[in-house]
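Just so you know, all these numbers are worked out from the coordinates, no wet-lab data involved. Since this is a predicted model, take the numbers as computed values, not measurements. Note: ideal-geometry Cβ built from the backbone for every residue, glycine included; neighbour counts use all protein chains shown.
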Amino acid sequence: MKPKNKIIIVDDHMLFSQSLELLINSFKDFEVINRFENGKVFISYLQENIDSEVDLILLDVNMPVLDGVSTMKWIKENRPNLKVIALSVNDDEEIIIKMLTNGAKGYLLKDTSPEIFRNGIVSVIEKGFFFTELVSGMLVKKANSDATKVNLKDKEIIFIKHACTEKTYKEIASEMCLSPKTIDGYRECLFDKLEIKTRIGLVLYAIKNKIVLV
């Protein structure tokens, strides 16, 4: 019999965490092996169980003691091979970009349907990424396919790398010694060329095509 995929939940809301565990355990081939209320206790567990086998981490973004972003930074530096899906109640662009650039393989809103949630965890385990159109600005099918790379100009690549940071578009314009209007032009041109709608989609494209490394 094929072993079940092992999942850990890190979320400070007990009711949600318990309900999520019940949902996951109802799926074929999945089981929750542990739950933690914040990033600090989760990291302590990883440090004490270096050889522990886990296929996926479901990580809440907003937690007391140590939040999801700080936990992702630790994971990126210490356990980069761990696959993580961020969980949140909102689709704040700045937070999503921080989670992405620190190695999160997916981002799901907590009001996601059970069907989409299951598709998400299956996709991350089997393919490596999952982002809904709501948070990525890119169709799920396109985001999870091996689409042919688009030919990008050097300036466009530089712009994309800046867009994968926490800089504002105005700050990017200053860094590239260009006017804000020119930067807006780069952004709109890339959105059209890559068939995306948001900066998050741009970051996701950069990560999948190794323009930036996470």
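Here are the numbers for this structure:
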{"quantity": "Extension reserve of the Asp111-Asn62 stretch, reckoned as 0.36 nm per residue once the Cα distance is removed", "calculated": "16.1 nm"}
{"quantity": "Counted charge near Ser17, where neighbours are those whose Cβ lies closer than 14 Å (Asp, Glu -1; Lys, Arg +1)", "calculated": "-3"}
{"quantity": "Dipole moment magnitude, nearest 20 debye, the chain about Cα centre, only Lys, Arg, Asp, Glu C-beta charged", "calculated": "720"}
{"quantity": "Gain in span if fully extended, Ser52 to Glu93, counting 0.36 nm per residue against the direct Cα distance", "calculated": "11.5 nm"}
{"quantity": "Over the range 57-136, relative contact order from alpha-carbon pairs under 8 Å, at least 6 apart, %", "calculated": "28"}
{"quantity": "Descending Cα extents along the principal axes, the chain, whole Å", "calculated": "54, 34, 30"}
{"quantity": "Inter-site label distance for Tyr169 and Asn151 at 7 Å from Cα along Cβ, in nm", "calculated": "2.7"}
{"quantity": "Projected label distance in nm at Ser19 and Glu77, using a 7 Å step from Cα toward the beta-carbon", "calculated": "3.5"}
